[in-house]
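The values are calculated or read from the model by the stated rules, or taken from the named source; none is laboratory data. Bear in mind the structure is a predicted one, so any value in this text is a computation, not a measurement. Virtual Cβ from ideal backbone geometry, glycine too; neighbours counted across all protein chains shown.
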């Protein structure tokens, strides 16, 4: 164990010296290990995602974030940090942000920057067998109408604030105003005419407003105000008169009007697919 | 490694920028002119909605500023990356936000804590590979009943002014999707609060949103990039409008008489490569990538565009125009005009008629400038020196700006704008990066260095905005990264990275007073009064992330002291 540790330390020291010697042209020191297609793809991902003037530098040199080249990192360390980030720093985890192919490529590239010429990550699941737990599962690959439904669900451009994810959190994206979607409506008609018993009416002063009540206690009432999109989380102190009644005039169909029937079919296909 | 930049990139700005207007500076403000001065309070981010950063208080003045003494100091206990905010002071209470989105209400006379609010973040709110990892809070806005702050997880939150209890919170967008967040202070306009977002270098479509100050309900949204069917949409190629950036990441201004909101917009993305966003067949520069790198004027009630002026069409230098918009009324060629002064990252200061956006003139504030060779009669950029894919091109100034986001100040007494300028050049290497929603979209990288022959990094200048004349200039060894405050005592205050809080004569630039505060300055000082006693307050605490990486070239070998404190000065009691 001690021997291995010393060996690794010596290797690290050697690589650090190499790194210092070549400094900004580090990548050329490992050119032989970086010219395979996977590493080249990894370099492209690295350049556009990790090295963008604000974080790591080109070719693994230091920038606003630390140097990555010739640090003596081993493959496991590279994979763990890339997957889950470094706590309390601006380095966040990329396990869920990159496809398996791209993650494999960038891991291979950074490994190459550290002199590891054959890191042997599994291309279709580069974290497999490494004992690395990722906080949230990656989006499952979808195609056709299911993938189109996914894009529609989160569509910030054509739908804008009227998109589904303004009120629903799915696959780790969206604002969880509504409870998690446990039962996917069978039809578009059912989706439009959704039973919204959870929406109640808050009476505040002269105003009545549809609301999702989150908490009510001695300090006050916390609820989402559904008067307009996007919903507003409001806290009304206990000393302010407020009452709540069951039911409301609020209807789901009014908030999904930006979607056509065909689009809603695809959204339902997406929601069914991620529950398979 | 020492980088050198060639003299070829230097030239005299006087040869390049032809200002069309010749008129003597007026010494006093005109009768009936827009009044952007503050009094006992400092109610808005820029002081007033006109963004002058000018206090009408003159108890502290050129004759007695040397007597200033510390009145109180407050440490925020939030020391991660300095204190970058502008304090708001109303009715003797100071409101400040810190980098972790805490808000303090302090007794502005003593520094005593009245209440504290800590924003609760959503889990895992930072999108990997996005601009959402930047951590700062540049200030709050205060309405009649609420203190309102944008957050790092892209919410707008309002807390009760009296108690600090949360009143409402609305998620402006999901930071995990857009890769954006809110660092800037919102602006109160009538019964609305208006806010933009950080993300100008991201594959994102920037916007301004207005909410009701009492309820948090949505009022309107203005997209910086026009959508399909809207005028200006054809200034974008294909789907590039979805990822073209333009985030308005600083705080705007408001003219109540015209009922117009003014805001500067961010650069087009990807930053250094425009091939993916330039419509086919558009060889001209005019009006490409609207309304990025522009000043926009919006009807306050609806958010509809009244007019726009694009300062950097088809930007490829990361020259955001997101900085403050200073509103003033000046006499030009014998005619009283409602104008605005606006500087973008290039260091060029534009003067426009704020009623209609008419170009009136422009001048460069940096001494070294190579990104263009000049500005035409109608404000067009001449001789553009553009980054190239796969090649390294040296240009001055840098994407960090001929000035940072730290703001200028305008004094109606002197008729001068006071601005901290950075002298830097950069090697930019562009690439044709593919856009990915919410991710960084810089399309290249850059490395900064001093222009050859220069030893100091910046200067504090006094400019006549009407003539483009630099009236005085004071060199600074390091770039000045704190905002400017000017007062009716004919004083100009700012702080430097080494921790000195400085007071200059507004007329001559003479240094009149300095105080070592113990940590670098990256925030914005203000002036206020309580019971007839004037105070000068400055945030203290260096943004330590500026010591790192590519930005470290600003301050080679220096590690300025961080911290997070509010330091307040006043004159000693008379015996």
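Give the residues of region A:231-257 that are crowded, with 16+ Cβ neighbours inside 10 Å, within 14 Å of chain B (Cβ to nearest Cβ) and out of contact with any strand residue (DSSP E or B) (no Cβ under 7 Å at 6 or more places or on another chain), sorted by residue number.
Matches in region A:231-257: A:255 only.
In the list B:398, B:426, which residue meets the criterion of being part of a strand (DSSP E or B), within 14 Å of chain A (Cβ to nearest Cβ) and buried (at least 20 other Cβ atoms within 10 Å of the Cβ)? Reasoning before the result, please.
Values: B:398 fails: part of a strand (DSSP E or B).
One residue alone meets the criteria, B:426.
Would you confirm whether or not region B:219-231 contains a residue that is touching a strand residue (DSSP E or B) at 6+ places or on another chain (Cβ under 8 Å), assigned to a loop (DSSP other than H, G, I, E, B), within 14 Å of another protein chain (Cβ to nearest Cβ) and farther than 24 Å from residue B:359 by Cβ?
Checked against the condition, which is being touching a strand residue (DSSP E or B) at 6+ places or on another chain (Cβ under 8 Å), assigned to a loop (DSSP other than H, G, I, E, B), within 14 Å of another protein chain (Cβ to nearest Cβ) and farther than 24 Å from residue B:359 by Cβ, region B:219-231 yields no hits at all.
Give me the pairs, please: first residue somewhere in region A:49-62 and at positive phi and more than 7 Å from chain B (Cβ to nearest Cβ), second residue anywhere and assigned to a loop (DSSP other than H, G, I, E, B) and at pLDDT 75 or above, beta-carbon distance under 7 Å, and either six or more positions apart or on two chains.
What qualifies is A:59/A:69; A:60/A:67; A:60/A:68; A:60/A:69.
Suppose we filter B:155, B:141 for residues that are farther than 20 Å from residue B:541 by Cβ, at the interface with another protein chain (Cβ under 9 Å from one of its Cβ atoms) and crowded, with 18+ Cβ neighbours inside 10 Å; which single one remains? Even if it seems obvious, please write down each step before you answer.
On the way: B:141 fails: at the interface with another protein chain (Cβ under 9 Å from one of its Cβ atoms).
So the residue among B:155, B:141 that is farther than 20 Å from residue B:541 by Cβ, at the interface with another protein chain (Cβ under 9 Å from one of its Cβ atoms) and crowded, with 18+ Cβ neighbours inside 10 Å is B:155.
How many of the residues making up region A:216-233 are part of a strand (DSSP E or B) and over 25 Å from residue A:166 (Cα atoms)?
Residues flagged as part of a strand (DSSP E or B) and over 25 Å from residue A:166 (Cα atoms) within region A:216-233 amount to 2.
For region B:305-338, how many residues meet the condition of being in a strand (DSSP E or B) and either buried (at least 24 other Cβ atoms within 10 Å of the Cβ) or touching a helix residue (DSSP H, G or I) at 6+ places or on another chain (Cβ under 9 Å) (or both)?
First, the residues of region B:305-338 that are in a strand (DSSP E or B): B:305-310, B:325-332, B:335-338.
Now drop any that are not either buried (at least 24 other Cβ atoms within 10 Å of the Cβ) or touching a helix residue (DSSP H, G or I) at 6+ places or on another chain (Cβ under 9 Å) (or both), which leaves B:310, B:325-328, B:330.
Selection size over region B:305-338: 6.
Conditions first: (1) under 30 Å from residue B:241 (Cβ atoms); (2) within 13 Å of chain B (Cβ to nearest Cβ); (3) out of contact with any helix residue (DSSP H, G or I) (no Cβ under 9 Å at 6 or more places or on another chain). Residue A:143 passes all but one, so which condition is the exception?
Residue A:143 satisfies all of (1) under 30 Å from residue B:241 (Cβ atoms); (2) within 13 Å of chain B (Cβ to nearest Cβ); (3) out of contact with any helix residue (DSSP H, G or I) (no Cβ under 9 Å at 6 or more places or on another chain) except (2).
So that you can scan it fast, the table gives a plain yes or no per residue for (1) at pLDDT 85 or above; (2) closer than 28 Å to residue B:392 by Cα:
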residue	(1), (2)
A:34	no, yes
A:44	no, yes
A:62	no, yes
A:73	yes, no
A:77	yes, no
A:118	no, no
A:129	no, no
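Hey, among the residues in region B:521-543 that are surrounded by fewer than 24 Cβ atoms within 10 Å (Cβ to Cβ) and in a loop (DSSP other than H, G, I, E, B), which one's farthest from the other protein chains (Cβ to nearest Cβ)?
Here is the first cut: in region B:521-543, the residues surrounded by fewer than 24 Cβ atoms within 10 Å (Cβ to Cβ) are B:529-534.
When the remaining residues are screened for being in a loop (DSSP other than H, G, I, E, B), the result is B:531-532.
Details: B:531: 31, B:532: 35 Å.
Checking each candidate, the answer is B:532.
In the list A:202, A:177, which residue meets the criterion of being under 22 Å from residue A:226 (Cα atoms), in a loop (DSSP other than H, G, I, E, B), touching a residue at least 24 places away in the same chain (Cβ under 8 Å) and within 14 Å of chain B (Cβ to nearest Cβ)? Before the answer, list the steps.
Details: A:202 fails: in a loop (DSSP other than H, G, I, E, B).
Just a single option satisfies the conditions, and that option is A:177.
Of the residues A:213, A:236, which single one is assigned to a strand (DSSP E or B), farther than 23 Å from residue A:181 by Cβ, in the same structural domain as residue A:156 (by TED's automatic domain parsing) and at pLDDT 95 or above?
Details: A:213 fails: farther than 23 Å from residue A:181 by Cβ.
Answer to the check: A:236.
Does at least one position in region B:449-466 carry a residue that is surrounded by fewer than 24 Cβ atoms within 10 Å (Cβ to Cβ), modelled with pLDDT under 95 and in a strand (DSSP E or B)?
Within region B:449-466, one or more residues are surrounded by fewer than 24 Cβ atoms within 10 Å (Cβ to Cβ), modelled with pLDDT under 95 and in a strand (DSSP E or B).
Taking residue B:286 and the conditions (1) part of a strand (DSSP E or B); (2) modelled with pLDDT under 95, which numbered condition does it fall short on, given that it satisfies the others?
Just one mismatch for residue B:286, condition (1).
Please go through region A:227-276 and give me each residue that is more than 25 Å from residue B:172 (Cα to Cα), under 25 Å from the mean Cα position of the chain (by Cα) and without any contact (Cβ under 8 Å) to a residue 40 or more places away in the chain, ordered by number.
Of everything in region A:227-276, just one residue is more than 25 Å from residue B:172 (Cα to Cα), under 25 Å from the mean Cα position of the chain (by Cα) and without any contact (Cβ under 8 Å) to a residue 40 or more places away in the chain, namely A:276.
Kindly check whether there is at least one residue in region A:67-80 that is within 14 Å of another protein chain (Cβ to nearest Cβ) and either part of a loop (DSSP other than H, G, I, E, B) or out of contact with any helix residue (DSSP H, G or I) (no Cβ under 6 Å at 6 or more places or on another chain) (or both).
Step one: of region A:67-80, the residues within 14 Å of another protein chain (Cβ to nearest Cβ) are A:67-68.
Narrowing the set further to residues that are either part of a loop (DSSP other than H, G, I, E, B) or out of contact with any helix residue (DSSP H, G or I) (no Cβ under 6 Å at 6 or more places or on another chain) (or both) leaves A:67-68.
Yes - at least one qualifying residue is present in region A:67-80.
State yes or no: is residue A:87 in a loop (DSSP other than H, G, I, E, B), more than 11 Å from chain B (Cβ to nearest Cβ) and modelled with pLDDT of 85 or more?
So residue A:87 does not fit the description; no.
Would you pick out the residues in region A:132-155 that are surrounded by fewer than 15 Cβ atoms within 10 Å (Cβ to Cβ) and more than 21 Å from the chain's Cα centre (by Cα)?
Hit for region A:132-155 is A:144, nothing else.
Among the residues of region A:148-161, is there at least one that is more than 28 Å from residue A:225 (Cβ to Cβ) and more than 14 Å from every other protein chain (Cβ to nearest Cβ)? Reasoning before the result, please.
Residues of region A:148-161 more than 28 Å from residue A:225 (Cβ to Cβ): A:148-151.
Those left that are additionally more than 14 Å from every other protein chain (Cβ to nearest Cβ): A:148-149.
So far as region A:148-161 goes, yes, one or more of its residues are more than 28 Å from residue A:225 (Cβ to Cβ) and more than 14 Å from every other protein chain (Cβ to nearest Cβ).
Any chance region B:55-71 includes a residue that's under 24 Å from residue B:249 (Cβ atoms), within 21 Å of the chain's Cα centre (by Cα), buried (at least 24 other Cβ atoms within 10 Å of the Cβ) and away from chain A (no Cβ under 14 Å)? Please lay out each step first, then the result.
We begin by selecting, within region B:55-71, every residue under 24 Å from residue B:249 (Cβ atoms); these are none.
No, every residue in region B:55-71 fails to be under 24 Å from residue B:249 (Cβ atoms), within 21 Å of the chain's Cα centre (by Cα), buried (at least 24 other Cβ atoms within 10 Å of the Cβ) and away from chain A (no Cβ under 14 Å).
Just checking, which of B:174, B:201 is within 12 Å of chain A (Cβ to nearest Cβ) and over 23 Å from residue A:224 (Cβ atoms)?
Numbers: B:174 fails: over 23 Å from residue A:224 (Cβ atoms).
Only one candidate passes the filter, namely B:201.
Any chance you could count how many residues in region A:65-86 are over 16 Å from the mean Cα position of the chain (by Cα) and touching a residue at least 24 places away in the same chain (Cβ under 8 Å)?
14
Quick one: what pairs do we get from region A:207-226, first residue within 10 Å of chain B (Cβ to nearest Cβ) and touching a residue at least 12 places away in the same chain (Cβ under 8 Å), second loosely packed, with under 14 Cβ neighbours inside 10 Å and assigned to a strand (DSSP E or B), C-beta under 6 Å, 6+ apart or different chains?
Within 6 Å, the pairs are A:220/A:237; A:222/A:214; A:222/A:215.
Just a yes or no: is a residue in region B:544-552 away from every other protein chain (no Cβ under 14 Å) and not in a strand (DSSP E or B)?
Narrowing region B:544-552 to residues away from every other protein chain (no Cβ under 14 Å): none.
No, that holds for no residue.
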